[in-house]
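Student: One structure follows; several queries about it will come next.
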Protein chains: 2
Amino acid sequence: MHKEKIKDIGEKELIRRIAKYMPCNQASDDCALIKTKKEDLLLNTDLMVENTHFNHKIISPRDIGWKAVVTNYSDLISSGCVEFIGVNIGLVLAPETEWQWVQELYEGFSEALNKFGGSILGGDCSKGENKIISITAIGLQSKLKLRRNACKPGDILLTTGFHGLSKLGLLIQTNKINIEEMNLSEELIDISINAFCRPTPKYNILKIILESSEFFINREIGCTDSSDGFYQAIFDLSNESKCKAVVDYPKLPKSYLWPKGDQWDKFYLYGGEDYELLISLPRDWADRLMQISNDIKEIGYFTTGNPNVEIKNYPNNSSLDNNSYSHF
Amino acid sequence: MHKEKIKDIGEKELIRRIAKYMPCNQASDDCALIKTKKEDLLLNTDLMVENTHFNHKIISPRDIGWKAVVTNYSDLISSGCVEFIGVNIGLVLAPETEWQWVQELYEGFSEALNKFGGSILGGDCSKGENKIISITAIGLQSKLKLRRNACKPGDILLTTGFHGLSKLGLLIQTNKINIEEMNLSEELIDISINAFCRPTPKYNILKIILESSEFFINREIGCTDSSDGFYQAIFDLSNESKCKAVVDYPKLPKSYLWPKGDQWDKFYLYGGEDYELLISLPRDWADRLMQISNDIKEIGYFTTGNPNVEIKNYPNNSSLDNNSYSHF
């Protein structure tokens, strides 16, 4: 047992073991909740590691900077952040790194911060063998709290946008897919590369969820982002909320450009890094939300039962286990 | 210019260039100040990188965990943190890392948090080629703000504890010093290794500075920690406060075990990682503070003049330029 390695136990088990060192009230969401006398804050850390999350062949430093902010802000958004305060940036660089790379990285950070709000608050730099960007973002918690563990049996499951595009973008950028052989349209190629390199977080969601609520409510609703993949996001909601999720496959919103087939379904379900949101709401609230925004679609519901994801009306018999990506 | 590398421009110039992307009110201290409606918070990020800050030959994972918390908390303390809320931990690990290493690291984090306050709030894990620990600590800002840029001409310069011990500990752990040839005492060896592996931040300082103040004061006083070295700390105070620091060499507090000589003075002045504090106070307040605590000593003063550090009564003629360590 003493020689047990991280690659043997895997990412989920690693996170489960590390969570034991944290106070039990913090476990459900990526963001930590910081209570102050008047306001509550959300704090979130995300790492981007060279050769794990990026390399110079697939994404520019400007896009890495943009995406690092977006990744963090998406976690704040999916906890119900009402205002972004900013980010602390820990940056590890090899001494051989060109200053221009760093400059473009910071221009990318700044572009995202100018667009979504908040500023660079502080940070640290250190020498290392590979580039690593560690961002900690901080924002204000809304009275309406979005939480993974707040889905209720009877709730409607909603999603924003399309899934799978970022995965396709990654495959194109790494030449792991033959775009000519597959006869992909220029438009699909463009939006996929953009989804991978320049994602947009759903920064407007809190506003429209509040707009669609009937009265002011100091409560919690179910939500998470799909950064770890569509299936994993729904599994996490189900697992943390201790109820069963049922997804109706024909309802999954897809770009009209998205090809059909088992492989494309797998990109959709397990791709990751789309930064769309999965939301759980009572029927009437869900209906009002969909009336306000055309980009939000009903895809299923929660019901009593053991935590699990059932995908109804799936077109073929391939197994739909959770094939989500593990870093280790 | 396009091919200019980080190792060519050095750490200070890198930080100066990066600071241009930050709002100008954040530049003086390591900590960022977060204003909320009722309370102000302090946010600080510090990185510990394998083969830059640590390796398995010189420090145990438990001590790395302890020290990573201390490094961050020391920055919060030197900005006037009245209560530690906790830390977010970004952890990069090679897949070959043993779980036991991670477990002992988290036990080290927990030991420090149990001792000084706060808890693990959240974080992120990722695969990488080397181990990296990125900690972001958060705490409450006291009404009495400690700031690098708040030293005033006429102020007395005070220091806590001894300097140079951590550097000696590092040299012993890396076998870069021959302890037998140098005839170092067992006690000096022990306290030096302890200073390097298990430093204690000056977590009590705010309490005794407030105790020694004559009345409640919503103001700023000059302070920084000596994590980058004694000389660098005083230089930073001088530079940020736009006045000259004068240090009287014979007043420097030293352990009775500390040998004499030029080399030992250099360890003292430029060693780093001691986590002692340099404090600047008006004469009467400084006197009251020294009456309360025997560990705080007067070592010089600030005066009008260009930012600089003058060391008076230095025993020999060696140059006392700033030889502080640069990571790049």
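Student: Given the conditions (1) free of Cβ contacts under 8 Å to residues at least 60 places away in the same chain; (2) farther than 27 Å from residue B:8 by Cα; (3) among the polar types (S, T, N, Q); (4) within 10 Å of chain B (Cβ to nearest Cβ), report the number of the one that residue A:103 does not fulfil.
Tutor: For residue A:103, the failing item is (2).
Student: May I pose another question? Just give me the residues in segment A:125-171 being touching a helix residue (DSSP H, G or I) at 6+ places or on another chain (Cβ under 6 Å), of a type in the set (Val, Ile, Thr) and not assigned by TED's automatic domain parsing to the domain that holds residue A:45, in sequence order.
Tutor: A:156
Student: Provide a single number: the residues in segment B:119-145 that are buried (at least 21 other Cβ atoms within 10 Å of the Cβ), assigned to a loop (DSSP other than H, G, I, E, B) and more than 7 Å from chain A (Cβ to nearest Cβ).
Tutor: The qualifying residues number 1.
Student: Every residue in segment A:94-115 that is of a type in the set (Phe, Trp, Tyr) and either at pLDDT below 95 or under 16 Å from residue A:135 (Cβ atoms) (or both), please.
Tutor: Correct list: A:106, A:109.
Student: Then there is this: Restricting to segment A:37-90, and then to whatever is of a type in the set (Val, Ile, Thr) and facing chain B (nearest Cβ under 10 Å), can you tell me which residue is farthest from residue B:85 (Cα to Cα)?
Tutor: Going through the qualifying residues, I end up with A:52.
Student: Right, another one. Quickly run through segment B:148-157 and pick out the residues that are of a type in the set (D, E, K, R) and more than 14 Å from every other protein chain (Cβ to nearest Cβ).
Tutor: B:152, B:155
Student: Is it the case that some residue within segment A:16-31 is surrounded by fewer than 16 Cβ atoms within 10 Å (Cβ to Cβ), touching a Ser or Thr at 6+ places or on another chain (Cβ under 9 Å) and of a type outside the set (D, E, K, R)?
Tutor: So far as segment A:16-31 goes, yes, one or more of its residues are surrounded by fewer than 16 Cβ atoms within 10 Å (Cβ to Cβ), touching a Ser or Thr at 6+ places or on another chain (Cβ under 9 Å) and of a type outside the set (D, E, K, R).
Student: May I ask you to list the residues in segment A:27-48 that are under 17 Å from the mean Cα position of the chain (by Cα) and not in a loop (DSSP other than H, G, I, E, B)?
Tutor: Within segment A:27-48, A:32, A:42, A:43, A:44, A:45, A:46, A:47, A:48 meet the criteria.
Student: Out of all the residues in segment B:223-237, which are of a type in the set (Asp, Glu) and touching a Gly at 6+ places or on another chain (Cβ under 6 Å)?
Tutor: B:228
Student: Looking only at segment A:175-193, how many residues end up being assigned to a loop (DSSP other than H, G, I, E, B) and either at pLDDT 95 or above or of a type in the set (Lys, Arg) (or both)?
Tutor: Looking only at that region, the number is 1.
Student: Considering only residues that are crowded, with 20+ Cβ neighbours inside 10 Å and within 21 Å of residue A:7 (Cα to Cα), which ones fall in segment B:102-117?
Tutor: B:102, B:105, B:106
Student: Sticking with this structure for a sec: Name every residue in segment B:192-219 that is of a type in the set (D, E, K, R), more than 17 Å from residue B:164 (Cβ to Cβ) and crowded, with 16+ Cβ neighbours inside 10 Å, in order of residue number.
Tutor: Selection gives nothing.
Student: Just name the residue that is surrounded by the fewest Cβ atoms within 10 Å (Cβ to Cβ) out of those in segment B:63-98 that are touching a Cys at 6+ places or on another chain (Cβ under 9 Å) and assigned to a helix (DSSP H, G or I).
Tutor: If we take residues in segment B:63-98 being touching a Cys at 6+ places or on another chain (Cβ under 9 Å) and assigned to a helix (DSSP H, G or I), then B:63 is surrounded by the fewest Cβ atoms within 10 Å (Cβ to Cβ).
Student: So how many residues does segment B:211-231 have that are assigned to a helix (DSSP H, G or I) and modelled with pLDDT of 95 or more?
Tutor: Adding up the residues that qualify gives 2.
Student: Looking only at residues in segment A:290-311 that are among the hydroxyl-bearing types (Ser, Thr, Tyr) and outside any loop (DSSP other than H, G, I, E, B), which one is farthest from residue A:246 (Cα to Cα)?
Tutor: Per the stated criteria, the residue is A:303.
Student: Find the residue count for segment B:277-289, including only residues that are in a helix (DSSP H, G or I) and farther than 12 Å from residue B:213 by Cα.
Tutor: Qualifying residue count, segment B:277-289: 0.
Student: Checking residue A:60 against (1) hydroxyl-bearing (Ser, Thr, Tyr); (2) more than 21 Å from the chain's Cα centre (by Cα); (3) at pLDDT 95 or above, which test does it fail?
Tutor: Residue A:60 satisfies every listed condition except (2).
The values are calculated or read from the model by the stated rules, or taken from the named source; none is laboratory data. Please read all numbers here as calculations on a predicted model, not as lab measurements. All Cβ positions, even for glycine, are placed from backbone atoms using ideal geometry, and neighbour counts span all protein chains on display.
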